[in-house]
Amino acid sequence: MGSLDSPRERENGNGNGGCRSPGDPKLGDGGMVVVVESEAMKKRRASMLPLEVGTRVMCRWRDSKYHPVKVIERRKMNSAGPNDYEYYVHYTEFNRRLDEWVKLEQLDLDSVETVVDEKVEDKVTSLKMTRHQKRKIDETHVEGHEELDAASLREHEEFTKVKNIATIELGRYEIETWYFSPFPPEYNDCVKLYFCEFCLNFMKRKEQLQRHMRKCDLKHPPGDEIYRCGTLSMFEVDGKKNKVYGQNLCYLAKLFLDHKTLYYDVDLFLFYVLCECDDRGCHMVGYFSKEKHSEESYNLACILTLPPYQRKGYGKFLIAFSYELSKKEGKVGTPERPLSDLGLLSYRGYWTRVLLDILKKHKGNISIKELSDMTAIKAEDILATLQSLELIQYRKGQHVICADPKVLDRHLKAAGRGGLEVDVSKLIWTPYKEQG
């Protein structure tokens, strides 16, 4: 077991100004450091173990620094010791995607805080806050779950609190998962799943995948190729015609999307799967889905770029592609809410770049309606984007766009690169209602 000294003591040397206490390290024969632990310290630590669910403690993370965590769950290890447990922890400074199982030696037991009844804690805290303060905390805390009330959110977090699958193998990548996904019960005991990268069937063992790959005829997603530019291809997959593929794609996506609602009825959706192509086939890098018929003008229901392909411009490409489809349909579009934290950042960047590019080149007055017609972006999204950039004012009963060229350049620079361009000339597609 690793040292249980507190982080501060490790950083500053001996924590008591050079005076040695019964629990301090002392030099043994040959200069080896020996930790002498008093009976009182042993008893104190033994009384803490195993740590209760809800305990707050400091934990050594992958950066070798200690961070505050909360114990979410615990499980008995195979060894015989009564206190041999692993602990599933949430790093309170970080997103839930970094929650993980840790061993006892990663925890600093000197920093253990007593378990607090959260319902009582919430009640006491709420009494101390004004209504305005509480609303502000609620707005910032409920990330990606704006449609859930407090009870539903608690139920969601309880049900999905522990990742059931730690890693997956997809093509040439082994990928660490981020969140819980409700795979069928027979996969509950699997730490790792093996996916066929073409049909997305998943298996428990590598040998099963190898046997499957010898029989699987697919070298690309099922469905129609509607875009090909260089090594990039986009496939449109109808959830009704390819139900198993659609469901497997949802299981896979849920491993990386906390807010996603899992739809078992995929008949109502179209899936647009982006692939990198080589001589071995078309390898999925990400996708977005959309409802076949949306009364709310949603042009995108869910979007995901797989972790190995992130930061390459594919997310921006998928967003741009969804708007190009809207233009072909002759409609304005907007993404389905709520957006994930990463999704919201991507959309804000896309809307900013598209709108400011037009404002820079346009001479004379332009209305929000005209911007919407040109871009297929919903008027409400245009208004919210320009207001956040402080480029719009309300004068004489109407909104007026105030676009100073220097201010536009500054905002464009802050919005970052536009990512991969969609070459509309390579898009060969018929809207779904016309296909029918």
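The values are calculated or read from the model by the stated rules, or taken from the named source; none is laboratory data. This one's a predicted model, so the numbers in the text were calculated from it and none came from an experiment. Every residue, glycine as well, gets a Cβ built from its backbone with ideal geometry; the counts of neighbours run over all protein chains shown. Side chains are part of the model used for accessible areas, which takes the heavy atoms of the whole protein and leaves out ligands, DNA and RNA. Shrake-Rupley method; radii C 1.70, N 1.55, O 1.52, S 1.80 Å.
Considering only protein heavy atoms and a 1.4 Å probe, what is the carbon-and-sulfur percentage of the accessible area of the range 333-418?
Answer for the range 333-418 is 52 percent, counting heavy atoms of protein chains only.
Over 19 Å between Cα atoms, which of Lys328/Lys378; Lys219/Lys292; Lys215/Lys241; Lys243/Lys378; Lys243/Lys328; Lys254/Lys433 qualify?
Beyond 19 Å: Lys219/Lys292; Lys215/Lys241; Lys243/Lys378; Lys243/Lys328; Lys254/Lys433.
Using DSSP to define loop residues, name the trypsin sites (Lys or Arg not before Pro) in the range 262-327 whose beta-carbon has at most 11 other beta-carbon atoms within 10 Å.
Arg280, Arg311
If you roll a 1.4 Å probe over the range 154-249 with all protein chains in place, what percent of the accessible area is carbon or sulfur?
The nonpolar share, carbon plus sulfur, comes to 48 percent.
GluC sites (Glu not before Pro) within the range 358-430: which are DSSP loop residues with at most 11 other Cβ atoms inside 10 Å?
Glu390, Glu421
Need one value: the accessible area of Ser346 in square angstrom, 1.4 angstrom probe, rounded to the nearest 10.
Ser346 exposes around 50 Å² with every protein chain in place.
Per residue, how much accessible area does the range 170-247 have with a 1.4 Å probe, in Å²?
Solvent-accessible surface per residue comes out at 54 Å².
Explain nothing, just the number: relative contact order of the range 275-410, from Cα pairs under 8 Å at least 6 residues apart, as a whole percent.
Relative CO of the range 275-410 lands at 17 percent.
Heavy-atom accessible area per residue, the range 272-366, 1.4 Å probe: how many Å²?
With the other protein chains kept in place, the range 272-366 gives 43 Å² per residue.
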